[in-house]
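In what follows, a structure is listed as structure tokens, so that the remarks can point back to it.
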Amino acid sequence: MSLNNMDTTEVAEDPIERFSQKYAANDGKSESTAERYATHLRRWRDWLEQRGKDIEDVAEDVNAREADGVTAYDVVDHLEAMSLSGYAENTANGAWAAISTFYQTLREFRQNPADSDLEAFNGRSWSATTQIEKSEREKVKYLPPEDIEALVEHVPSPVPRNALIVRLLYATGLRRGELCNLRVKDINRDEQRVS
């Protein structure tokens with residue numbers, strides 16, 4: 001279901017639909033991200049149900065190893081199961097972000113099991129870049145303005161549109177998905193801002 005066509009006047013009974021409604025209603029949220037999160041959350045819900053747990057039943061103590069509700073250990077176990085099933089690290093990281101955002105967005109839960117200070121999370125990340133010490137990371141390489149101008153001069157047709165895209169990406173730091181979702185109403189010419 002496209003989030004643009006979703007009726008947000010009624011509150012959905014399904015927690016993932018409720019999440020999608022709230023997430024989609026928040027300006028600046030990409031529809032593709034919301035749909036990807038919903039996919040991760042359906043996988044998370046299925047995984048929990050196989051273990052006799054409900055996605056909405058968060059444990060009183062999310063750091064408890066054995067509890068009736070969802071715990072931080074469930075999140076860790078789910079992400080490790082994804083890894084063992086052959087999912088890429090970035091996919092597991094996306095699942096973690098979706099689970100965390102789900103519990104943050106709905107705000108119906110006392111604690112967020114995906115944002116626990118649990119020892120199992122310590123030193124563990126499902127993101128490749130956070131596992132690398134900052135001192136060991138490669139420096140981000142920025143193109144100097146003269147290289148941007150050379151790029152602008154050699155864009156394919158339609159030249160005016162593509163030159164504008166290159167300049168806009170460089171000036172704002174937009175990602176390609178954000179650029180694709182950009183609408184005229186998002187541009188404030190008076191303040192020279194993109195929102």
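Coordinate-derived values only; no laboratory data. Worth saying up front: this structure is predicted, and the values here are computed from it rather than measured. We place every Cβ from the backbone using ideal geometry, glycine too, and count neighbours over all the protein chains shown.
Take L143 and E17, extend 7 Å from each Cα along the Cα→Cβ direction, and tell me the distance between the two endpoints in nm.
Those two pseudo-labels are separated by 4.5 nm.
Would you kindly state how much longer the chain becomes between D54 and V155 on full extension, computed as 0.36 nm times their sequence separation minus their alpha carbon distance, in nm to one decimal?
Numbers: separation 101, 0.36 × 101 = 36.36 nm, distance 5.21 nm.
Length difference between fully extended and current span is 31.1 nm.
Quickly rank 29-41, 159-171, 139-151 as a protection proxy: mean count of other C-beta atoms within 10 Å, highest first. Display every interim value, and only then the final one.
Values: 29-41: 17.8, 159-171: 14.0, 139-151: 9.9.
The densest-packed peptide leads the list: 29-41, 159-171, 139-151.
Express in whole angstrom the spacing between the alpha-carbon centres of region 137-192 and region 65-99.
36 Å
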